[in-house]
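**Student:** Pasting a structure here, questions to come.
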Amino acid sequence: MSETRTVDAVITGRVQGVGYRAWTQHQAQLHGLTGHVRNRDDGAVAATFSGPAEAVSVMLKACEAGPRGARVEAVAVTDRPGPETFPAFEIRGT
């Protein structure tokens, strides 16, 4: 069984108004991840991903490109100290 990894990611660049949150939710569900994504007031997108370590790594790599129309400048990742469980992957308000 794969180790569970939970991370917080802050994605900066042109990531609001391009469908980034909906794309992130779809990608996370495809990879079997739980967590959430939201827009931040500063123009960035914040996400929490939890699931098998390999799937989280693949998701973070995908976030570097994002959906069509996005222009990602950086993805800052912080590992959480312990795995967390979320019921699903959801889009949250700002």
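**Student:** I'd like the Karplus ³J(HN,Hα) series for segment 6-13: coefficients 6.51, -1.76, 1.60, θ = phi - 60°, whole numbers in Hz, and an x wherever there's a Gly or Pro.
**Tutor:** Values per residue, Gly and Pro as x: 10, 9, 9, 10, 10, 9, 10, x Hz.
**Student:** Give me the three principal axis extents of segment 4-91 from the C-alpha atoms, as integers in angstrom, largest value leading.
**Tutor:** That works out to 31, 23, 20 Å along the principal axes.
**Student:** Then there's this: Quick one: 3J(HN,Hα) in Hz for segment 22-37, Karplus 6.51/-1.76/1.60 with θ = phi - 60°, rounded, Gly and Pro as x.
**Tutor:** Taking θ as phi minus 60°, the curve returns 5, 4, 4, 4, 4, 4, 4, 5, 4, 8, x, 9, 10, x, 6, 9 Hz for segment 22-37.
**Student:** If you don't mind, there's one more thing I want to ask. LEU30 to VAL10: extension gain in nm, 0.36 nm per residue of separation minus the Cα-Cα distance? Walk me through the numbers before you get to the answer.
**Tutor:** Details: separation 20, 0.36 × 20 = 7.20 nm, distance 2.03 nm.
Result for the pair: 5.2 nm of gain on full extension.
**Student:** Given the alpha-carbon gyration tensor of segment 1-46, what are the semi-axes of its equivalent ellipsoid in whole angstrom, ordered largest first, with each equal to the square root of 5 times an eigenvalue? Present the calculation step by step, with values, prior to reporting the outcome.
**Tutor:** Values: eigenvalues 98, 30, 10 Å².
Semi-axis lengths for segment 1-46 are 22, 12, 7 Å.
**Student:** Choose one answer from THR48, THR12, THR78: the residue with the largest mean-square fluctuation in a GNM of the chain with alpha-carbon springs under 10 Å.
**Tutor:** The residue with the greatest mean-square fluctuation here is THR78.
Just so you know, all these numbers are worked out from the coordinates, no wet-lab data involved. What you see is a predicted model; the values in this text were computed from it and never measured.
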